[in-house]
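Everything below concerns the one structure shown next.
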Amino acid sequence: MTIIESMGTGIPCVSSNVGNISDLIINEKNSFIIEKNSDISSYVKTISKLLDDKKLYKQISEEGIISVNNNYSYESCKIVWKKIFKKLLNDKK
């Protein structure tokens, strides 16, 4: 949830690749994924790259907002839930 909230407000994320993180983050497009069991230098390198490159920061930030709006906004969730309920109702017939 925190990743969605951060990306939705334009804050790029740097996260380890655990759980379903790769369902939320498209690496180097809307945020960054660091491979599981990587050492701290991988995080430092990625965060430094973001802080040093304002153009990259802006691009990742904008893509994060677009990703959240397309996949997790009220409207997009409403459409998905409507399809799920419709399918469930049709399956009962």
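The values are calculated or read from the model by the stated rules, or taken from the named source; none is laboratory data. This is a predicted model, so every value here is computed, not measured. Here Cβ is always computed from backbone atoms with ideal geometry, including for glycine, and neighbour counts include all displayed protein chains. Ligands, DNA and RNA are excluded from the accessible area calculation, which covers all protein heavy atoms including side chains. Shrake-Rupley method; radii C 1.70, N 1.55, O 1.52, S 1.80 Å.
Close contacts from segment 1-24, counting a first residue that is under 19 Å from Asn70 (Cβ atoms) and free of Cβ contacts under 8 Å to residues at least 60 places away in the same chain and a second that is charged (D, E, K, R) and open to solvent by 40 Å² or more (accessible area, probe 1.4 Å), with Cβ to Cβ under 8 Å and a gap of 6+ residues or different chains, come to Gly10/Glu62.
Among the residues of segment 38-76, those identified as polar (S, T, N, Q), surrounded by 12 or more Cβ atoms within 10 Å (Cβ to Cβ) and closer than 14 Å to Val14 by Cβ are Ser38, Ser42, Thr46, Ser61.
Part of a helix (DSSP H, G or I) and without any contact (Cβ under 8 Å) to a residue 60 or more places away in the chain, is that true of Lys45? For Lys45, the condition - part of a helix (DSSP H, G or I) and without any contact (Cβ under 8 Å) to a residue 60 or more places away in the chain - is met.
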